[in-house]
Structure formats: C-alpha cells, structure tokens
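Written out below as structure tokens is the structure these notes cover.
Values in this text are rule-based calculations from the coordinates and carry no lab data. Only a predicted model underlies this, so the values are computations on that prediction, with no experimental measurement involved. Neighbour counts are summed over all protein chains in view; Cβ atoms, including those assigned to glycine, are modelled from backbone coordinates with ideal geometry.
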Amino acid sequence: MWIHRIRLKALAWVVAIVIAAIGAISLFAVPALPALGVAVAFVAVALNQIGHRLAQPTCYGCGSDLSGREPGQYGVECAECGTINQVPPRPPAGPPQGASPTPRLAADVHSPDRPSHRA
Ligand SMILES: [Zn+2]
C-alpha cells in the first residue's frame with residue numbers, strides 16, 4: 001500500500017541520517033552537539049519532503065490527487081483505484097475556522113499542605 005511505502009521511506013531516511021551523524025561524530029571527531037543539530041535539521045527536512053504529498057487531499061490507496069472530487073456518503077472515492085477515503089478534501093476557502101477549545105482538567109485544584117513530619 002502506498003502509505004506503508006511512505007512510512008518505510010521516512011524510517012529509512014531517519015535511520016540513515018542518524019547513522020551518518022554517529023559516523024561523522026566518531027570517525028572525524030566532529031563535536032557532538034553541532035552534528036546532532038545538523039542531523040535533526042536534516043531529519044526535519046526529509047520528513048517534510050516525504051509528508052508533503054499528504055498535505056493535499058490524497059488517496060490512501062494509490063496516492064493520486066483527490067482535490068476536486070465530491071465526497072459521497074461514505075467518503076471520497078478515488079477515480080484511479082476505487083478506494084473510499086475517509087478524509088474529505090478541504091473546503092476551497094481556506095482552513096476551517098473555530099478551533100475547538102481544549103477541555104481543561106481539574107488539575108488546578110490546590111491541595112492542602114501536607115503535614116510535616118518533624119521529629
Ligand atoms: Zn486511489
């Protein structure tokens with residue numbers, strides 16, 4: 001499946017960059033912190049490049065573009081492979097507004113001070 005290949009590709013890139021960073025640190029006596037920073041930057045760029053196609057409405061079965069397809073009752077049907085995709089394409093007029101407020105937990109309750117156990 002197409003999405004599994006993307007995951008394998010991302011994992012391969014991350015492993016390769018980590019191995020390259022470790023190799024550069026150990027073989028060429030590169031300082032560890034700058035090498036780690038460069039490695040993290042390379043990982044971010046690689047994952048961004050790989051996941052770029054997922055930012056568009058994309059068929060999870062074959063990876064073809066789903067923008068412009070009308071969603072049916074059960075989702076968006078791919079014209080290429082017939083896969084029903086659960087994620088509907090984005091509305092054309094920008095991202096949806098009105099972010100749902102995150103529910104707050106009752107973590108702000110002040111607990112009474114514990115009695116001290118002095119001898
Ligand atoms: Zn498809």
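Would you mind finding the one in 29, 41, 24 that is away from the ligand (no atom under 14 Å from the Cβ), without any contact (Cβ under 8 Å) to a residue 12 or more places away in the chain and not in a helix (DSSP H, G or I)? Outline the logic, then answer.
On the way: 41 fails: not in a helix (DSSP H, G or I); 24 fails: not in a helix (DSSP H, G or I).
After ruling out the rest, the residue left standing is 29.
Taken together, 51, 63, 82 contain a single residue that is within 20 Å of residue 5 (Cβ to Cβ) and in contact (Cβ under 8 Å) with a residue 60 or more places away in the chain, which is 63.
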